[in-house]
1. Answer yes or no: is there a residue in region 67-83 that is surrounded by 15 or more Cβ atoms within 10 Å (Cβ to Cβ), modelled with pLDDT of 95 or more, over 25 Å from C170 (Cα atoms) and not charged (D, E, K, R).
2. Could you name every one of the strands (runs of 3 or more DSSP E) located completely within region 64-148 that has at least 3 residues being touching a residue at least 24 places away in the same chain (Cβ under 8 Å) and closer than 24 Å to S166 by Cβ?
3. Could you pull out the residue among K44, K109 that is at pLDDT below 95 and out of contact with any Pro (no Cβ under 6 Å at 6 or more places or on another chain)?
4. Does S166 fit the bill of being of a type in the set (S, T, Y), on the phi < 0 side of the Ramachandran plot and assigned to a strand (DSSP E or B)?
5. Could you tell me which of the residues N91, N102, N111 is farther than 19 Å from A171 by Cα and within 21 Å of the chain's Cα centre (by Cα)?
Amino acid sequence: MFIMFFSSFYNCTLLLIAIATLYTSFAALFVLNVPPFLPVRYPKQAQTSTDSLAPVEVQRSVERLLIGKRKFGIQFIWNGYGLAVIQRDGNALSINGAQYSNDSTEYCKINGTLVILSNTRLLFTGTLHLYTRDCCGVIERTGTFTFAKRGKRKFWRLQEFNQLCSQYICAYYLDIFE
């Protein structure tokens, strides 16, 4: 009797595990639009080598678009974008900027250097410091990141936004405008 009970209990447990596995697989496939049983792949860290710099003519034309005071910031601070000052600093471009909410509790700060890789790609090395109340809280990241410009857009957008916060919580669109 005990063996029959244990055997049916064991079979029920296996059946429940199989159902749960199928449910999560289908949920991942249809709800999250992620293929089942595959690991999540995060974007690679930005290219750190400057071997493939843009030609001098391209660098100069992009510098003309960048140097000066530029709008800068993230979309979660509703009071408008902040300002970033971009200037030539020796052989590199330095960037220092901030965006604050009206009550100055939420902010986005950038401080570092920019290298022009092409007319659509910038390599930023430095620190990003952000705080938004309803998103991921305080975030500080130091490293190398890529900003890219797509199509006819008038801004470069941070490409490694998943490294700031989980894309399932929120995605920071950090932009530097022409």
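The values are calculated or read from the model by the stated rules, or taken from the named source; none is laboratory data. This is a predicted model, so every value here is computed, not measured. Here the Cβ positions follow ideal geometry from the backbone for every residue, glycine too, while neighbour counts run over all protein chains shown.
1. no
2. It comes to 107-116, 121-132, 137-148.
3. Testing whether each residue is at pLDDT below 95 and out of contact with any Pro (no Cβ under 6 Å at 6 or more places or on another chain) leaves just K44.
4. Working: of a type in the set (S, T, Y): yes; on the phi < 0 side of the Ramachandran plot: yes; assigned to a strand (DSSP E or B): no.
No: the conditions fail for S166.
5. N111
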